[in-house]
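Visitor: Below you'll find the structure I mean.
The values are calculated or read from the model by the stated rules, or taken from the named source; none is laboratory data. Quick caveat: nothing in here was measured; it's all calculated off a predicted structure. Cβ placement follows ideal geometry from the backbone for every residue including glycine, while neighbour counts extend to all protein chains displayed. In case anyone asks, the SASA skips ligands and DNA or RNA and just uses the protein heavy atoms, side chains included. Shrake-Rupley method; radii C 1.70, N 1.55, O 1.52, S 1.80 Å.
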Amino acid sequence: MPTLIQLKNGQFSETEDRFTLVGPDDLTPASGGVILSLARFEGEGALLDEGRPVGVLLQPDEAVEALAYDLPRIAVVALAFPKFRDGRAYSSAALLRSRLGFTGEIRAVGDVLREQAREMVRCGFDTFIPSDGSSSQEWAAAAHRYRHVYQTAADHRAPAFVERSPSDGL
Amino acid sequence: MSLYAYDQIDREMLADRAAEFRGQVARRLSGDLTEDQFKPLRLMNGLYLQLHAYMLRVAIPYGTLDGRQMRALAAIARDYDKGYGHFTTRTNIQFHWVRLKDTPDILDRLAAVDLHAIQTSGNCIRNTTTDPYAGATAEEVDDPRVWSEAIRQWSTFHPEFTYLPRKFKIAVTGSAKDRTAARAHDIGLKIKRSREGELGFEVMVGGGMGRTPYLGPTIREFLPARSLLSYLTAVLRVYNRLGRRDNIYKARIKILVASTGAEEFGRQVEAEWAALDQGSIDLPDLELARIRAAFGVIPFETLPARSEAFEAARAADLALARFARNNLAPHKKPGYTIVNIALKAPGETPGDATSAQMEAVAALAERYGHDDIRVTHAQNLVLPHVKLDDVPAVFAELQRHGLATANLDLISDIIACPGLDYCALANARAIPIAQDIARRFEQPDRAEAIGELKIKISGCINACGHHHVGHIGILGVDKKGEEFYQLSLGGSGAEDASIASILGPALPADQVAPAVEALVDAYLGLKTGEERFLDTYRRLGPAPFKEAVYADAHPA
Ligand code: SF4
């Protein structure tokens, strides 16, 4: 079982994965949580009506806007990193949080390295399946390495320009 | 204004970065990380593995340094390199001979003077460049350094834009006379005022060099200044989502803009921008005012426009007179001038400076130049605020250190990338070609008679030497394992931007300088009035120049 790291209330911990990632040729399991590709999700949307936790796996070229109307009922959006260098999923996560108002789980899957922990957390990811064997402690250390940030992002950390503002902290 | 003063937050950012990199190098040296795993990490810190050694590229944000920082660079060159550094067309400095185990110490030393190597490589937003005359020229609408610093902070470790399809370069010019080649950048910003007097930017997107050069089209004629960062966010987000990732040669934003069409691309950006929570991204007025104030104020003296001491000295010294003609530019304050220091002495590598030279420039800046030094995209240095009264003393000191070459924008003021002498991607050497040409036109009277002529040399199609926008561009190509050079004419990176056209078949190395000489002779015979080489070429087209270079090589 690959490790699933979860960020909850500011803490990182290893946690049990409640979802089965359904591969393109797999049968959809009869019970339990599932994560489907976008194409499968569009074909098997009825699963949502069964009250099962359903997630969608988006490839980098699949626009998050495609999910807009189903988001309130989607438990997890998994965003794929085919290569760590492929940065499209950061925009996808940022849009899910800041524009589409998604409050469910955003999961990083694929080529997921601890060196990206900070960017992922800042863009709104809250679960991670590291491909480099990172523990939750290592993940937390990488995510928290910097005391400040310069921009506003989905993690709601106060950027430098807010830290500096005289009214801050009142 | 002088130099942006880092506060505690800015400093802690650099300290955290240096500590992180120290940990990564330790893991690499202990074998915890393989070179494959380490590579992306070191690249995030500007550390490249080149032909012979590691190269560390240090950022000089918008090309601005003070004496203390220049001395630190000089010390690093002396202690960890071979006693010199190389200033690049991105206004950064490279050390070509560092050892991996020393790099954490180098980063600490840099951080101690508010310098770093953040985002000097990788597919992220690179160091923003601006006008080296910023704050000193009367031409500017507003000081572009304020906006460049705002961009520096916004783009530093931007979580969404750290893994773009390709590297991303922004230039800001505050003057109509463009010394930044704004249209040759992924984003070019030109500061302007609206008819109502509001401050803002013309936004040009999708320029670039490389194998398919483009001049960036304007996608917005006027963007209110306070919306800069949200608008940039919109451009970057559209690019991050839609830019090609399947082919490294088609991954720059210029390809996206060209294939989408500038108008449609602009529409997508506007739509994204309208949907953004702009208020959470754009800097509040107070922060913009804080940044502006953090640059400080230069206490200029009230001086007569004419300096008798300077006039007398230049009447008595032909070399000083020549230097004054070529290397000084008008300053906004009477009695002051902008001094250009060309790192282009004949026979030297363009952009190289020794530790002693860097220290000499630092001392001059501290003593005569309000502690302000600029690095230019043409790989030269500038002291932007020098009293005319002090020019003779500054010139004498520059002479003592081999820094008084009076060739700014002349034929021997050549831009050249590191080429095959250092760069693993190169097809051909660039530096020896530049040296050859500079030696051939060493005679200063002749160079002055030829006038403004910008030669730019790249060692391969990646075009780091910007050959596409050279009045004469020279590109190294590989022909069956031999170094050949393709000439192109008629490019310009200035406000009259254009892309150069290839003149004819590539030439072997030893025929490049003679060909340049043939081009120059043709120009001198054809020019009318005050025409520059570029003007004559634009008037007459390639035919007479082609004839001059190839007539002998291919007798009819
Ligand atoms: S143009 Fe080519 S040879 Fe020159 S520095 Fe760039 S990549 Fe290297």
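Visitor: Could you look at region B:448-556 and say what percent of its accessible area is carbon and sulfur, using a 1.4 Å probe and all protein chains? Numbers along the way, then the final one.
Guide: Details: 2420 of 4510 Å².
For region B:448-556, the apolar C and S fraction of the accessible surface comes to 54 percent.
Visitor: Per the 1.4 Å probe, what fraction of the accessible area of region B:308-400, in percent, lies on carbon and sulfur atoms? Spell out each step's value before the answer.
Guide: Numbers: 1620 of 3200 Å².
Roughly 51 percent, rounded to a whole number.
Visitor: Can you tell me the length gained on complete extension of the stretch A:GLU50 to A:ALA158, counting 0.36 nm per residue apart and subtracting the Cα distance?
Guide: 34.8 nm
Visitor: May I ask for the distance between the Cα centers of region B:157-178 and region B:260-279, given as a whole number of Å?
Guide: 17 Å
Visitor: Averaged across A:82-95, how many Cβ atoms of other chains sit within 10 Å of each residue's Cβ atom? Could you put the intermediate results ahead of the total?
Guide: Details: counts 1, 2, 2, 7, 3, 13, 9, 2, 10, 9, 3, 2, 5, 5.
Mean inter-chain Cβ contacts per residue within 10 Å come to 5.
Visitor: Would you mind counting up the charge near B:LYS454? Only other residues with Cβ under 10 Å from its Cβ, with Lys and Arg at +1 and Asp and Glu at -1. Walk me through the numbers on the way to the answer.
Guide: Values: positive: B:LYS456, B:ARG532; negative: B:ASP409, B:ASP413, B:GLU452.
Charge balance in the 10 Å sphere: -1.
Visitor: What base-10 log of the normalised intensity I(q)/I(0) is obtained for region B:364-432 from the Debye formula, alpha carbons as equal point scatterers, at q = 0.23 Å⁻¹?
Guide: The computed values of log10 I(q)/I(0) come out as -1.05.
Visitor: Now for a different question. Mind pulling the per residue volume of the convex hull built on the Cα atoms of region B:308-400? Å³ is fine.
Guide: On the way: hull volume 8.9 nm³, N = 93.
Once divided by residue count, the hull of region B:308-400 is 96 Å³.
Visitor: Compute the distance from the alpha-carbon center of region B:223-238 to that of region A:22-97, in whole Å.
Guide: With region B:223-238 and region A:22-97 each reduced to a Cα centre, they are spaced 30 Å.
Visitor: Report, as an integer, the average count of C-beta atoms from other chains found within 10 Å of each Cβ along A:147-159.
Guide: Partner-chain Cβ atoms within 10 Å, mean over residues of A:147-159: 5.
Visitor: Ok, one more. Chain pair A, B: how much accessible area is buried, both chains summed, with a 1.4 Å probe, in Å² to 100?
Guide: Details: alone 9720 and 21840 Å², together 28190 Å².
Roughly 3400 Å².
Visitor: Let me ask something else about it. What do the square roots of 5 times the Cα gyration tensor eigenvalues come to for region B:288-355, in whole Å, largest first, as semi-axes of the equivalent ellipsoid?
Guide: Numbers: eigenvalues 155, 109, 14 Å².
So the three semi-axes of region B:288-355 are 28, 23, 8 Å.
Visitor: Counting only protein heavy atoms and a 1.4 Å probe, tell me what percentage of chain A's accessible area is made up of carbon and sulfur.
Guide: Working: 4070 of 7960 Å².
Its accessible area is 51 percent carbon and sulfur atoms.
Visitor: Oh, and also: In region B:155-171, which residues give up 10 Å² or more of accessible area once the other protein chains are added, compared with their chain alone (1.4 Å probe)?
Guide: Those are B:THR156, B:PHE157, B:HIS158, B:PRO159, B:GLU160, B:THR162, B:TYR163, which lose 10 Å² or more relative to the chain on its own.
Visitor: Okay, next question. Which whole number gives the average, over all residues in A:98-110, of C-beta atoms from other chains lying within 10 Å of the residue C-beta? Provide the component values of the computation, followed by the final result.
Guide: On the way: counts 4, 4, 0, 0, 0, 0, 0, 0, 0, 0, 0, 0, 0.
Mean partner-chain Cβ count within 10 Å for A:98-110: 1.
Visitor: For chain A, what proportion of DSSP beta bridges, expressed in % and rounded to the nearest 5, is antiparallel? Let's see the in-between values first.
Guide: Values: 7 of 26 bridges.
In chain A, DSSP labels about 25 percent of beta bridges as antiparallel.
Visitor: Hey, can you list the residues from region B:1-33 whose accessible area shrinks by 30 Å² or more with all protein chains present, relative to the chain by itself (probe 1.4 Å, no ligands or nucleic acids)?
Guide: The answer is B:ILE9, B:GLU12, B:MET13, B:ASP16, B:GLU20, B:ARG27.
Visitor: Let me ask you something else. Which percentage, to the nearest 5, of the DSSP beta bridges contained in region B:144-294 is antiparallel?
Guide: Working: 12 of 16 bridges.
Antiparallel bridges make up about 75 percent of those DSSP assigns within region B:144-294.
Visitor: Taking a quarter of the surface of the Cα convex hull of region B:415-550, what do you get in nm²? Walk me through the intermediate numbers first.
Guide: Numbers: hull surface 31.1 nm².
With the hull built on Cα positions only, its mean projection is 7.8 nm².
Visitor: Next up: How much accessible area per residue does chain A have, counting only protein heavy atoms and a probe of 1.4 Å, in square angstrom?
Guide: Spelled out: the 1.4 Å probe surface of chain A, per residue, equals 47 Å².
Visitor: Could you tell me which of rounded, prolate or oblate describes region B:1-111, using a ≥ b ≥ c as the square roots of the eigenvalues of the alpha-carbon gyration tensor, with rounded for a/c under 1.5 and, failing that, prolate when a/b is larger than b/c and oblate otherwise?
Guide: Details: a/c = 1.99, a/b = 1.36, b/c = 1.46.
Since a/c reaches 1.5 but b/c is at least a/b, the shape of region B:1-111 is classed as oblate.
Visitor: What order do you get for A:91-100, B:96-105 when each peptide is scored by the mean count of other beta carbon atoms within 10 Å, highest first? Spell out each step's value before the answer.
Guide: On the way: A:91-100: 22.4, B:96-105: 17.8.
Going from most to least packed, we get A:91-100, B:96-105.
Visitor: Tell me, which cysteines of chain B are without a disulfide-compatible partner by the Cβ under 4.7 Å rule?
Guide: By the Cβ distance rule, which asks for a partner under 4.7 Å, the isolated cysteines are B:CYS124, B:CYS423, B:CYS460.
Visitor: Work out how far the C-alpha atoms of region A:4-168 reach from end to end along every principal axis, then list the three figures in whole Å, largest first.
Guide: For region A:4-168, the Cα spread along each principal axis is 55, 33, 28 Å.
Visitor: Moving to a separate point now. Shape of chain B from its Cα gyration tensor (a ≥ b ≥ c, root eigenvalues): rounded if a/c is under 1.5, otherwise prolate when a/b > b/c, or oblate?
Guide: Details: a/c = 1.26, a/b = 1.14, b/c = 1.11.
Rounded is the answer for chain B, as its axis ratio a/c remains below 1.5.
Visitor: Let me check the size of the protein assembly as shown from its C-alpha atoms; what are the radius of gyration and Dmax in Å?
Guide: Expressed in Å, the Cα Rg and Dmax of the protein assembly as shown come to 27.2, 96.
Visitor: Further question on the same structure: Show me B:394-403, A:40-49, B:455-464 ranked by packing, highest mean number of other Cβ atoms within 10 Å first. It would help to have the intermediate numbers written out before the result.
Guide: Numbers: B:394-403: 18.2, A:40-49: 14.0, B:455-464: 25.2.
Answer by packing, highest mean first, reads B:455-464, B:394-403, A:40-49.
Visitor: Right, another one. I want to check the label-to-label distance for A:SER31 and B:GLU442. Put each point 7 Å from Cα in the C-beta direction and report it in nm to one decimal.
Guide: 9.0 nm
Visitor: Just the Cα atoms of region B:144-294: what Rg and Dmax do they give in Å?
Guide: Rg, Dmax (Cα atoms, Å): 14.8, 45.
Visitor: Let me ask you something else. Can you work out D for region B:241-368 in µm² s⁻¹ from Stokes-Einstein, where Rh is the Kirkwood radius over C-alpha pairs, the temperature is 4 °C and the viscosity is 1.567 mPa s?
Guide: Numbers: Rh = 21.0 Å.
It comes out at roughly 62 µm²/s.
Visitor: Same structure again: Run the dipole for region B:415-550 about the Cα centre, Lys and Arg Cβ at +1, Asp and Glu Cβ at -1, nothing else charged, and hand back the magnitude in debye, nearest 20. Show your work: numbers first, answer last.
Guide: Values: 13 positive and 18 negative charges, 59 e Å.
Around 280 debye, computed over region B:415-550.
Visitor: Can you tell me the order of B:207-217, B:58-68 when each peptide is scored by its average per-residue count of other Cβ atoms within 10 angstrom, highest first?
Guide: On the way: B:207-217: 21.7, B:58-68: 23.5.
Highest to lowest by the protection proxy: B:58-68, B:207-217.
Visitor: Enter the accessible area per residue of chain B (Å², integer; probe 1.4 Å; all protein chains in place).
Guide: Working: 20230 Å² over 556 residues.
Value returned for chain B: 36 Å² of accessible area per residue.
Visitor: Then there is this: Calculate how many DSSP beta bridges within the protein assembly as shown are antiparallel, expressed in % of all such bridges and rounded to the nearest 5. Numbers along the way, then the final one.
Guide: On the way: 57 of 89 bridges.
Here the share of antiparallel DSSP bridges comes out near 65 percent.
Visitor: While we're looking at this one, here's another question. Where a Cα-Cα gap under 19 Å defines reach, which aspartates and glutamates qualify for B:LYS344, not counting those fewer than 8 residues away within the same chain?
Guide: In chain and number order, the partners are B:ASP352, B:GLU359, B:GLU397, B:ASP409, B:ASP413, B:ASP421, B:ASP436, B:GLU442, B:ASP445, B:GLU448, B:GLU452, B:GLU517.
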